[in-house]
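Structure first, then comments.
The values are calculated or read from the model by the stated rules, or taken from the named source; none is laboratory data. Quick caveat: nothing in here was measured; it's all calculated off a predicted structure. Note that we place each Cβ from the backbone using ideal geometry, even for glycine, and neighbour counts take in every protein chain shown. Quick note on the areas: whole protein, heavy atoms, side chains included, nothing else; ligands and nucleic acids left out. Shrake-Rupley method; radii C 1.70, N 1.55, O 1.52, S 1.80 Å.
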Amino acid sequence: MIAELIAVGTELLLGSIANTDAQYLSEKLSAMGITVHHHTVVGDNPGRLAEALETARKRADIIITTGGLGPTCDDLTKQTICRTFGRELELHADILEEIRTWFRTKLGREMPENNVQQALLPVNCTVFDNPVGTAPGCAFEENGVHVLMLPGPPFECRYLFEHRAARYLEKLADGVIVSHEIKIFGMGESSVEEALREPMATLANPTLAPYAKLNECMVRATAKAETREAAEKMLAPLVEQVRTALGDVVYGVDVESLEAVVSALLRERGLTLSAAESCTGGLIAKRMTDLPGASSVFRGGVVSYTNGVKSGVLGVSGELLEEYGAVSEPAARAMAEGCRNICGSDLAVSVTGVAGPDRDSRGNEVGTVYIALAGPEGTICRKLSCGRGRGRDRVRSAAASSAFDMIRRQLLGLPL
């Protein structure tokens with residue numbers, strides 16, 4: 001099945017907001033075995049939307065629109081789609097009552113009358129009721145083309161896709177498609193492709209596809225079969241083949257993130273972690289505390305961006321900083337040991353480096369980073385180059401991810 005995504009909203013064209021719905025939907029559709037051939041963005045203009053729909057219906061089996069389902073006069077997605085496909089709109093009394101109830105219970109007031117238009121849906125459509133907002137979605141089939149309408153706000157779009165639209169699309173599939181995501185840190189996409197070139201070139205079902213992510217890679221293994229059990233049986237040896245080929249740069253299969261893996265390992269071992277951060281500015285602490293239940297393994301952190309905080313809070317001696325500088329192995333070691341002491345954690349990681357855009361006063365290149373990990377058996381330290389010319393955000397993100405990978409390797413007894 002071939003799909004086309006049409007995002008509706010002048011704010012997208014103006015750059016006021018990013019089209020995150022398209023990224024999310026493309027990823028989910030790909031995992032279902034539905035190929036997305038085109039992304040289209042149109043403003044709140046019925047004429048241009050009608051043109052986009054006419055083009056899409058000639059080249060796609062599935063059209064998914066996002067946005068334009070609100071109560072205002074420029075929310076014309078449903079009306080335009082119905083005119084294009086020769087459908088009438090009808091009032092769904094049950095949906096209208098759900099919207100009225102949502103206003104009373106969530107906002108504590110009565111529904112404005114212009115929200116009535118949100119309960120107008122195409123005749124004989126499959127309704128996607130929306131318990132997290134006021135804009136229901138829907139789907140219908142016309143002359144072999146399936147049209148799905150989803151709200152634009154990302155939270156509502158994702159909820160309706162996962163809990164409503166995905167079920168509709170699964171019924172269209174011939175068999176079952178199952179995918180597993182093999183997460184990789186420490187090897188670039190081209191190196192991953194080279195290591196897996198033979199199976200990627202020869203496989204038809206199941207298949208392997210590499211993807212470059214921010215500072216890491218992913219390989220998606222996908223199989224199609226009559227049942228999930230049959231697909232899983234096809235995938236198991238392939239996933240193991242990838243893990244064997246790539247080695248310990250694979251940090252997990254179907255896991256959320258490096259920090260999630262680290263958090264799980266700490267929890268399994270009954271250990272706690274703290275962080276002393278300079279160039280990463282609290283990014284390690286943020287990524288840890290973004291995880292539910294992080295308080296059971298993460299004790300806290302110190303953003304020691306200046307030498308005064310490194311010495312005054314973490315206890316790094318002024319003489320050491322004067323002799324070696326803040327971006328150095330001795331400073332990183334002292335930061336980690338000081339953080340472990342004041343936070344009372346089993347392990348403490350520290351990061352100090354040059355995020356850019358210029359070298360530091362001692363001539364350290366942009367991207368130079370020292371990461372130290374202090375524990376009961378002593379302190380280890382690594383010097384890394386997190387990339388020149390990559391920008392501050394990329395350097396900081398790479399440094400934080402490298403710190404998590406260092407912790408992962410230490411906990412698993414893998415070489416650093």
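Miscellaneous remarks
- Going through (1) at pLDDT 95 or above; (2) of a type outside the set (Ser, Thr, Tyr); (3) open to solvent by 30 Å² or more (accessible area, probe 1.4 Å) one by one, GLY188 falls short only on (1).
- When segment 106-129 is limited to residues that are at pLDDT 95 or above, under 32 Å from the mean Cα position of the chain (by Cα) and more than 17 Å from ASP75 (Cα to Cα), the one that is most open to solvent (accessible area, probe 1.4 Å) turns out to be THR126.
- Odd one out for ASP358, checked against (1) assigned to a strand (DSSP E or B); (2) more than 14 Å from SER278 (Cβ to Cβ); (3) not polar (S, T, N, Q): (1)
- The criterion of at least 1 residues that are among the hydroxyl-bearing types (Ser, Thr, Tyr) is met, among strands (runs of 3 or more DSSP E) falling completely within segment 106-156, by 126-128.
- Pick from segment 130-140, criterion of a type in the set (A, V, I, L, M) and farther than 15 Å from ILE81 by Cα, ranking: most open to solvent (accessible area, probe 1.4 Å): VAL132
- Failed item in (1) open to solvent by 10 Å² or more (accessible area, probe 1.4 Å); (2) outside any loop (DSSP other than H, G, I, E, B); (3) out of contact with any helix residue (DSSP H, G or I) (no Cβ under 9 Å at 6 or more places or on another chain); (4) in contact (Cβ under 8 Å) with a residue 24 or more places away in the chain, with VAL395 passing the rest: (1)
- Any hit, segment 126-133, residues being under 30 Å from ILE2 (Cα atoms) and small (Gly, Ala, Ser): yes
- Residue in segment 169-180 that is of a type in the set (Ser, Thr, Tyr), surrounded by 15 or more Cβ atoms within 10 Å (Cβ to Cβ) and farther than 15 Å from ILE63 by Cα present: yes
- Flag for THR80 being within 16 Å of VAL147 (Cβ to Cβ) and either under 29 Å from the mean Cα position of the chain (by Cα) or not hydroxyl-bearing (Ser, Thr, Tyr) (or both): no
- GLY318 of a type outside the set (A, V, I, L, M), touching a helix residue (DSSP H, G or I) at 6+ places or on another chain (Cβ under 8 Å), farther than 28 Å from LEU271 by Cβ and open to solvent by less than 40 Å² (accessible area, probe 1.4 Å): no
- In segment 258-290, residue nearest to ALA201 (Cα to Cα) [restricted to those that are part of a loop (DSSP other than H, G, I, E, B) and either in contact with a strand residue (DSSP E or B) (Cβ under 8 Å, 6 or more places away or on another chain) or open to solvent by less than 10 Å² (accessible area, probe 1.4 Å) (or both)]: THR280
One line per residue, one yes/no per condition, for (1) within 29 Å of MET288 (Cα to Cα); (2) surrounded by fewer than 16 Cβ atoms within 10 Å (Cβ to Cβ):
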| site | (1), (2) |
| --- | --- |
| GLU194 | no, yes |
| GLU216 | yes, no |
| GLU226 | no, yes |
| GLU229 | no, yes |
| GLU232 | no, yes |
| PRO237 | no, yes |
| ASP248 | yes, yes |
| TYR251 | yes, no |
| VAL255 | yes, yes |
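- Within segment 358-392, the set of residues being open to solvent by 50 Å² or more (accessible area, probe 1.4 Å) and over 20 Å from LEU265 (Cβ atoms) comprises ASP358, ARG359, SER361, ARG362, GLU365, LYS383, SER385, ARG388, GLY389, ARG390, ARG392.
- When segment 141-164 is filtered for residues that are open to solvent by less than 50 Å² (accessible area, probe 1.4 Å) and either more than 16 Å from LEU25 (Cβ to Cβ) or of a type in the set (Val, Ile, Thr) (or both), the ones remaining, listed by number, are GLU142, GLY144, VAL145, VAL147.
- Hits in segment 64-105 (condition: open to solvent by 40 Å² or more (accessible area, probe 1.4 Å), within 29 Å of ALA3 (Cβ to Cβ) and polar (S, T, N, Q)): THR72, GLN79
- Strands (runs of 3 or more DSSP E) (entirely within segment 1-99) containing at least 1 residues that are more than 18 Å from VAL127 (Cα to Cα) and touching a helix residue (DSSP H, G or I) at 6+ places or on another chain (Cβ under 7 Å): 2-8, 35-42
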